[in-house]
Structure formats: C-alpha cells, structure tokens
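Peer 1: Just passing along the structure, written as structure tokens.
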Amino acid sequence: MAKRFRSTSSWKKKWIRELNPEMKLFWFYLLDNCDHAGIWEVDIELASFQMGVKLDETRILKVFNRKIVPFKTDKWFVPKFIVYQYGELNENNRVHNSVINILNKYGLYKGCLLYTSPSPRDGLLS
C-alpha cells in the first residue's frame, strides 16, 4: 500500500473550495490512484464506479485544465505531484531514480523540472 503526503490545508485552497463535490472527490481519487510518478492510467469507468458518481472525461480535463496533462490516449500526468511528494528529484536517491525512469520512459522528465520550486509542499494544491 502506497503512502502519500496529504496537506491538511487543501480544503482551505480557493480553487478546491470552488470545485463541485464530484470534482473534489475526483481530484483526491486521482492523487490516491496515480503511480509514484504522478501518472494515472485513465479509467473513467472504474473511477465512476468506485466514487459512485458519473464522471465525464472532457469535463474533468476542462475543470483541471493544466493541473492534469493528458499525454497518451490512456495516460494522464499530474506534474506538481512530484514536486509535492519529493521536492526536487535527485538521481542519487533510489526512489527518485525510479520516478525519473518512469518520466524518461514517457518523455516527461524535462518538463517536470519546470515545476520545481523553493517550497515544494506548497505546489501541488495551489
């Protein structure tokens, strides 16, 4: 079972407060179900079933605009997930190296560096 950092201030963020309940639930579902590199194998049917709501892929991508990046027909990437979970990636760290390998596999590693910031824990949900 994977364990993830979760910010207790998420519910105070304006953009989260403005989401309707289904989209709030989907956002946290996505963060819990993506891999450790922030990549989710898109399965709207399973997400709908597990959440107990009817989801629409087009609507999700519109609502989350740049927070979710579709990069294959069946894969989405949450770029700030990495910054939030790990900070700046270090190739000498085995966990980070695993993430880097996954990102390299999909050609996403260089783009991910654009999302690093001095305070990585603030990045994901802002």
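The values are calculated or read from the model by the stated rules, or taken from the named source; none is laboratory data. Computed from a predicted structure; not experimentally measured. With ideal geometry, Cβ positions are generated from the backbone for all residues, glycine too; neighbour counts draw on all protein chains shown. The area values use the complete protein model at the heavy-atom level, side chains included, leaving out ligands, DNA and RNA. Shrake-Rupley method; radii C 1.70, N 1.55, O 1.52, S 1.80 Å.
Peer 1: Going residue by residue through the stretch 79-87, is there one that turns out to be over 17 Å from LYS110 (Cα atoms), open to solvent by less than 10 Å² (accessible area, probe 1.4 Å), modelled with pLDDT of 90 or more and not in a loop (DSSP other than H, G, I, E, B)?
Peer 2: no
Peer 1: Taking the criterion of being modelled with pLDDT of 90 or more and open to solvent by less than 40 Å² (accessible area, probe 1.4 Å), would at least one residue in the stretch 3-14 satisfy it?
Peer 2: no
Peer 1: Okay, moving on. How many residues are in contact (Cβ under 8 Å) with a residue 24 or more places away in the chain and part of a loop (DSSP other than H, G, I, E, B) if we restrict to the stretch 10-42?
Peer 2: 8
Peer 1: Is it the case that ASP56 is under 17 Å from ALA2 (Cβ atoms) and touching a residue at least 12 places away in the same chain (Cβ under 8 Å)?
Peer 2: Judged against the criteria, ASP56 is not a match.
Peer 1: Got a sec? Which of LEU19, LEU25 is of a type outside the set (Ser, Thr, Tyr) and in contact with a Phe, Trp or Tyr (Cβ under 9 Å, 6 or more places away or on another chain)?
Peer 2: None of the others qualify; the one that does is LEU19.
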